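Read through the structure below, which is laid out as structure tokens, and then see the notes.
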Amino acid sequence: MVVLNKIYTKGGDKGETALGNGARVPKHALRVTAYGTVDEVNATLGLARLHAEGDIDDALARIQNDLFDLGADLCTPDMDRDAEAEYTPLRVVAPQVARLESEIDAMNALLEPLRSFILPGGTPLAAHLHLCRTVSRRAERLCVELAQAEPVNPEAVKYLNRLSDWFFVASRAANDQGLADVLWTPGANR
């Protein structure tokens, strides 16, 4: 359980922060940058939700919660839990990835196949979902880079990869099932 009765602790005043396992690392450490970017995805998703309602808003709310799970996963580097540890670190699990895949397939089944790349835009919700997509791609790149240097839960990387695809398909759905997609016209302004 989380209890936050004091917001500032002064613990980071010297440029360090604590990971989920208590280790202190520089605030610019790759792991901190990775989970900080996941937090940024969550914040952009909060903006998208200003334009969402119904089932899509419910899905976005669930994804926001998943993103907190992902942040908790990334901020706790111990992949092998010590038998005497006081807690089991929260990890993203395969069913969370599978749910994104299932939802992508369901949304995509209602869309016409793309015959052109699309530009970010269209409806306000679609434009915000495209922003979520690009920030989640950056978070994915950082997690992949982190995984080259330290152990990272493979499901966390998979989740981010599927999530950016989810945002892409959801942005098309939010654009009147793709009818309001803004198509790229190669070389149009030469």
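The values are calculated or read from the model by the stated rules, or taken from the named source; none is laboratory data. The model shown is predicted, which means the values in this text are computed figures rather than measured ones. Glycine gets a Cβ as well: all are built from the backbone with ideal geometry, and neighbour counts include every protein chain shown.
Among residues of segment 133-190 being of a type in the set (Gly, Ala, Ser) and not in a helix (DSSP H, G or I), the one that is nearest to ARG31 (Cα to Cα) is GLY178. Taking the criterion of being farther than 30 Å from ALA149 by Cα and not in a helix (DSSP H, G or I), the residues of segment 25-57 that qualify are ALA52, GLU53. Condition check for ASP66 on (1) surrounded by 13 or more Cβ atoms within 10 Å (Cβ to Cβ); (2) without any contact (Cβ under 8 Å) to a residue 12 or more places away in the chain; (3) part of a helix (DSSP H, G or I): one failure, at (2). Residues that are without any contact (Cβ under 8 Å) to a residue 60 or more places away in the chain and among the small types (Gly, Ala, Ser) were ranked within segment 141-175; the one that is nearest to ASN42 (Cα to Cα) is SER164. When we screen ALA43, ALA23, ALA61 for residues that are of a type outside the set (Asp, Glu) and at pLDDT below 90, the only hit is ALA23. Would you check which residues across segment 150-160 are of a type outside the set (D, E, K, R) and out of contact with any Lys or Arg (no Cβ under 9 Å at 6 or more places or on another chain) and list them? Across segment 150-160, the qualifying residues are PRO151, PRO154, VAL157, TYR159.
Could you check segment 159-190 and list, in sequence order, the residues that are at negative phi and of a type in the set (Asp, Glu)? Across segment 159-190, the qualifying residues are ASP165, ASP181.
Considering segment 108-140, the residues that are among the β-branched types (Val, Ile, Thr) and touching a residue at least 60 places away in the same chain (Cβ under 8 Å) include one that is nearest to ILE56 (Cα to Cα), namely THR123.
Assessment of segment 165-176 against the conditions (in contact with a Pro (Cβ under 9 Å, 6 or more places away or on another chain) and of a type outside the set (Asp, Glu)) yields at least one matching residue.
Among the residues of segment 176-184, is there at least one that is of a type in the set (Val, Ile, Thr) and either without any contact (Cβ under 8 Å) to a residue 40 or more places away in the chain or touching a helix residue (DSSP H, G or I) at 6+ places or on another chain (Cβ under 8 Å) (or both)? No, because not a single residue in segment 176-184 is of a type in the set (Val, Ile, Thr) and either without any contact (Cβ under 8 Å) to a residue 40 or more places away in the chain or touching a helix residue (DSSP H, G or I) at 6+ places or on another chain (Cβ under 8 Å) (or both).
Tell me whether segment 140-150 contains one or more residues that are closer than 25 Å to ALA180 by Cβ, modelled with pLDDT of 95 or more and in contact with a helix residue (DSSP H, G or I) (Cβ under 7 Å, 6 or more places away or on another chain). Looking through segment 140-150, none of the residues is closer than 25 Å to ALA180 by Cβ, modelled with pLDDT of 95 or more and in contact with a helix residue (DSSP H, G or I) (Cβ under 7 Å, 6 or more places away or on another chain). Residue under question is GLU53, and the condition is that it be under 17 Å from the mean Cα position of the chain (by Cα) and at pLDDT 95 or above; does it hold? Answer is no for this residue.
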